[in-house]
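Undergrad: The structure is given below, and queries will be raised subsequently.
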Amino acid sequence: MSVDREHDEDDRESVDSLYKNWEVMHSRLRRTGDEVRALHARTTLWHGSEPRYASDWHWIMQAFAREVATAKRSDFESLILQTTELHHRGTGVLNPDRGPEPIPSPFVRHMPPDQDEIEAKRRQRQIRHVLAYQQHIRQCLKHFVTAWTALIDGCLICDWEMIDDEFPKLAQLLEEAQRAFDIWVSLDR
């Protein structure tokens, strides 16, 4: 009888520890999405006047690259494994009444591969062109948050395919935003 009670207490402590680790990982991943969401908010007009030069957004691009660098596929795989373990221990984390319903993000919108050449041939800086690159960066930031949220929500319902679908988009979105920024920088010269 006492052996069973000790086993139950040990099991309860391990579930508590597992749940705490799961919450920490989940929160850490959500924080990255929150950081990029804040960067996106900093690019909106209500935050101030429209930036005139790419150098005004240099820090945003650096911060975005830093956040994308934290994205590790293994973290999402680990979140699924921890979620599965918690489910098997009867914690109710996969309860369909309380769980998220992930919505896949759209395909990544790409600029034409030769967009930098097209812009170089124009040899002029027109504000409408600059605004297009600013908007492309904004859309990439917003799309990143959507894909990141879909990834986390997919992991919380143990959807391995969501990782395969959404994770590659993260690097693509940084690449697209960086391309738009680089072209904008070239227009400022």
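The values are calculated or read from the model by the stated rules, or taken from the named source; none is laboratory data. All values reported here derive from a predicted model rather than from experimental measurement. Virtual Cβ from ideal backbone geometry, glycine too; neighbours counted across all protein chains shown. Calculation scope for accessible area: heavy atoms of the full protein, side chains included, ligands and nucleic acids excluded. Shrake-Rupley method; radii C 1.70, N 1.55, O 1.52, S 1.80 Å.
Undergrad: Which condition number does Met61 fail, the rest of (1) farther than 26 Å from Trp160 by Cβ; (2) aliphatic (A, V, I, L, M); (3) at pLDDT below 85 being met?
TA: (3)
Undergrad: Could you list all residues from the stretch 141-168 that are more than 18 Å from Arg30 (Cβ to Cβ) and in contact (Cβ under 8 Å) with a residue 60 or more places away in the chain?
TA: Those that are more than 18 Å from Arg30 (Cβ to Cβ) and in contact (Cβ under 8 Å) with a residue 60 or more places away in the chain: Trp160, Asp165.
Undergrad: Only one of Ile137, Ile118 is under 25 Å from His58 (Cα atoms) and open to solvent by less than 10 Å² (accessible area, probe 1.4 Å). Can you tell me which?
TA: Ile137
Undergrad: Restricting to the stretch 134-165, what's the tally of residues that are among the acidic types (Asp, Glu) and touching a Phe, Trp or Tyr at 6+ places or on another chain (Cβ under 8 Å)? Working first, answer last.
TA: Going through the stretch 134-165, the residues among the acidic types (Asp, Glu) turn out to be 153, 159, 161, 164-165.
Pick out the ones that are also touching a Phe, Trp or Tyr at 6+ places or on another chain (Cβ under 8 Å) and you get none.
Counting residues in the stretch 134-165 that are among the acidic types (Asp, Glu) and touching a Phe, Trp or Tyr at 6+ places or on another chain (Cβ under 8 Å) gives 0.
Undergrad: Under 7 Å between Cβ atoms, which residue pairs at least 6 apart in sequence (or on different chains) link something in the stretch 87-102 that is small (Gly, Ala, Ser) with a partner that is part of a loop (DSSP other than H, G, I, E, B) and open to solvent by less than 100 Å² (accessible area, probe 1.4 Å)?
TA: If the second residue must be part of a loop (DSSP other than H, G, I, E, B) and open to solvent by less than 100 Å² (accessible area, probe 1.4 Å), the pairs left are Gly99/Ile157.
Undergrad: Any chance the stretch 75-84 includes a residue that's open to solvent by 80 Å² or more (accessible area, probe 1.4 Å) and within 18 Å of Glu23 (Cβ to Cβ)?
TA: There is at least one residue in the stretch 75-84 that is open to solvent by 80 Å² or more (accessible area, probe 1.4 Å) and within 18 Å of Glu23 (Cβ to Cβ).
Undergrad: Go through (1) on the phi > 0 side of the Ramachandran plot; (2) touching a Cys at 6+ places or on another chain (Cβ under 9 Å) for Gly92 and report which single condition fails.
TA: For Gly92, the exception is condition (2).
Undergrad: Follow-up question, since we're still on this one. In the list Phe107, Phe144, which residue meets the criterion of being assigned to a helix (DSSP H, G or I) and either touching a strand residue (DSSP E or B) at 6+ places or on another chain (Cβ under 7 Å) or not aliphatic (A, V, I, L, M) (or both)?
TA: One residue alone meets the criteria, Phe144.
Undergrad: Take the stretch 58-75 and flag every residue that is free of Cβ contacts under 8 Å to residues at least 24 places away in the same chain and not in a helix (DSSP H, G or I).
TA: Lys72, the sole residue that qualifies.
Undergrad: Tell me which residues, restricted to the stretch 15-29, are of a type outside the set (S, T, N, Q) and loosely packed, with under 14 Cβ neighbours inside 10 Å. Give the derivation first.
TA: Taking the stretch 15-29 first, the residues of a type outside the set (S, T, N, Q) are 15-16, 18-20, 22-26, 28-29.
Result: Asp16, Lys20, Glu23, Val24, Arg28.
Undergrad: Just give me the residues in the stretch 18-58 being of a type in the set (A, V, I, L, M, F, W, C) and modelled with pLDDT of 85 or more, in sequence order.
TA: Leu18, Trp22, Val24, Met25, Leu29, Val36, Ala38, Leu39, Ala41, Ala54, Trp57
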